[in-house]
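Undergrad: Submitted below is the structure of interest, expressed as structure tokens.
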Amino acid sequence: MPRQPRILTLNLGSQAISVAEFRPQGLGGLVLQDYRRRDLAIENPGEPFRHAQFTAILREVLHEMGIKNARVNYAIAAQSVFARFVKLPAVEEEKIDRIIAFEAQQNVPFPIDEVVWDYQLVGGGADEQVQVVIVAIKSDLLEGNIGARTSNLLFIEPGKIFSRSVPIGGSSVTAALAREFNEPFAAAEARKREGGFVSLGGAYADPSDADVARMSKIIRSTMTRLHAEIMRSISHYRTQQQGKSPARIYLCGGSLGMPYMREFFQEKLNVPIDFFNPVRNVAIANEADRQQIARSAHLLGEVVGLALRAVASCPMELNLRPASVVRAHEVQRRRPFLIGAVACVIAALLGWSVFYLHAAGVLGETKRQVDAKVNTLRGLQTRIDGVRKEATTLDSLALPLVNAWRGRRRQPAGEQPCPNQWHRQLRPRTRSPDERKVAGPRLMGCLFGDCICGTRGSRKWWWIISRTW
């Protein structure tokens, strides 16, 4: 059975790193396989060792989860991101991109070529206007994965979404404690995690430990500032976005899990308050730590939302990808086409190879047939050469006789050659003893012929041909 694909999500906060591993299941569902969280204590997000610390912790977490190489959906804190909701007149769909690009240049407080930005249509406004959210982040911050310290407010209605980030969060509480107790940021963070809670105020008695009582009042003071920002955001949402007052509030995040936090906001906002549980509809694998997930459910909103992006179509799908990630995705997208092109080239080369092999076979067979014919002709040529050589030998033997006949012919004295004379026989004659004494070889013979000349009838002549041989 093939292994299901892995979905890895990462939440890079200012004070914590969360990593979750999911696997998809039918009908767009998710199965949570594993979850890890590491808390940090960094006072200044711009500290030079921050990136190195993040990298070391992330490597440690991935090693614990047995993850060596995988694609990841990750989120960073909202303080690094600039977000602006704008209203556009109702225009044709093909003009929206150009209008939003112009609005981005007007609203983003940085040169547009120095940021990564995206937009999302979030519903209509009054008078048939189009509501758009534009988000941007500086490229150098995105490549460096720098987190932030904010509280994010999200207003959701049917057909309408609005978000706002306020610069008050858990690190604000830690910084206030560090100033109050005159101690390092890390020590104040440890103090907050060990015994921090929100003072209930009013008629409730303070704790017996004076330091704990002071800490609870400082936490309440910081949360009161956050409450004021929430009220201003609600007012803005109602007046500028034509939204409704919240009917229910869900809390999520690290510091909001402190004791009496829900009671504090319920007292201030006077609406039902619950902790957000993003894993309510997520299956938990048997090998996962269910107790830890139950305790940390309100911290899993980002990692679950990132996983949903991989299996379902979400109402908000803003994506601020760094340039390096865009290039890597582009290479990944083109890889099948490159592989296909290489395969086509290889197939073409193989086709030409088969063709040339076949042509070479045909050529070889033709060459063998031609070679056989050439060998036959060579045999005939050899025979012809032999006959020609034999003819040359015979010519060399006949030439002296012919020359002797033409140049050394003798006739009896007083006889004239007959004009109609021809020769029928040349017969060799044995030399006499006196003739043998002559130096050098000699050819002796008798030539007989018939001559018909006028009325003299037939007469026989013979003469001797003598020639050196």
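No value in this document is a laboratory result; all are computed from the given coordinates. All of these numbers come straight from a predicted model, not from anything done at the bench. Glycine gets a Cβ as well: all are built from the backbone with ideal geometry, and neighbour counts include every protein chain shown.
Undergrad: When MET215, MET231 are ordered from fewest to most other Cβ atoms inside 10 Å of their Cβ, what list results? Could the numbers behind the result be given before it?
TA: Working: MET215 25, MET231 12.
Lowest to highest Cβ neighbour count: MET231, MET215.
Undergrad: If R₀ is 41 angstrom, what is the calculated FRET efficiency for the pair ARG232 and GLU194, using the beta carbon separation as r and rounding to 0.05? Don't jump to the answer; show the numbers that get you there.
TA: Numbers: r = 33 Å, r/R0 = 0.80.
Once the sixth-power term is evaluated, E becomes 0.80.
Undergrad: Multiply the residue separation of ARG6 and GLN53 by 0.36 nm, subtract the distance between their alpha-carbon atoms, and state the gained length in nm to one decimal. Before the final figure, lay out the partial values.
TA: Working: separation 47, 0.36 × 47 = 16.92 nm, distance 2.61 nm.
Taking 0.36 nm per residue and subtracting the Cα distance, the gain is 14.3 nm.
Undergrad: Shifting gears a bit: Please sort 96-104, 8-16, 280-288, 354-362 by packing, taking for each peptide the average over its residues of neighbouring beta carbons within 10 angstrom, highest first.
TA: So the order, starting with the most tightly packed, is 8-16, 96-104, 280-288, 354-362.
Undergrad: If you filter region 56-97 for trypsin sites (Lys or Arg not before Pro), then keep DSSP loop positions with at most 11 other Cβ within 10 Å, what is left? Write down the numbers at each step before the final one.
TA: Working: sites: ARG59, LYS68, ARG71, ARG84, LYS87, LYS95; in loops: LYS68, ARG71.
Those satisfying the criteria are LYS68.
Undergrad: On to the next question. Give the lysines reachable from LYS160 as a straight Cα distance under 21 Å; neighbours fewer than 8 places away on the same chain don't count.
TA: LYS87, LYS244
Undergrad: Counting only the backbone N, which residues of region 343-366 are under 17 Å from the spot 7 Å out from the Cα of LEU377 toward its beta-carbon?
TA: 366
Undergrad: Ok, one more. Report the FRET efficiency, 1/(1 + (r/R0)^6), for ARG179 and VAL345, where r is their Cβ-Cβ distance and R0 is 51 Å, rounded to 0.05. Could the numbers behind the result be given before it?
TA: Values: r = 68 Å, r/R0 = 1.34.
FRET efficiency, ARG179 to VAL345: 0.15.
Undergrad: Shifting gears a bit: In percent, what relative contact order does region 180-223 have, based on Cα pairs under 8 Å that are 6 or more apart in sequence?
TA: Numbers: 23 pairs, mean separation 17.1, N = 44.
Relative contact order here is 39 percent.
Undergrad: So if I average 1/r over every pair of distinct C-alpha atoms in region 337-407 and take the inverse, what Kirkwood radius in Å does that give? Walk me through the numbers before you get to the answer.
TA: Details: mean 1/r = 0.0568 Å⁻¹.
For region 337-407, inverting the mean 1/r across all distinct Cα pairs yields 17.6 Å.
Undergrad: Which order do the peptides 168-177, 330-339, 25-34 take when ranked by the mean count of other beta-carbon atoms within 10 Å per residue, highest first?
TA: Details: 168-177: 22.7, 330-339: 9.8, 25-34: 15.0.
Order by mean packing, descending: 168-177, 25-34, 330-339.
Undergrad: Okay, moving on. Run the numbers for ASN69 and GLN266: contour at 0.36 nm per residue of separation, minus the present Cα-Cα distance, in nm.
TA: Values: separation 197, 0.36 × 197 = 70.92 nm, distance 4.44 nm.
Working it through step by step, the gained length comes to 66.5 nm.
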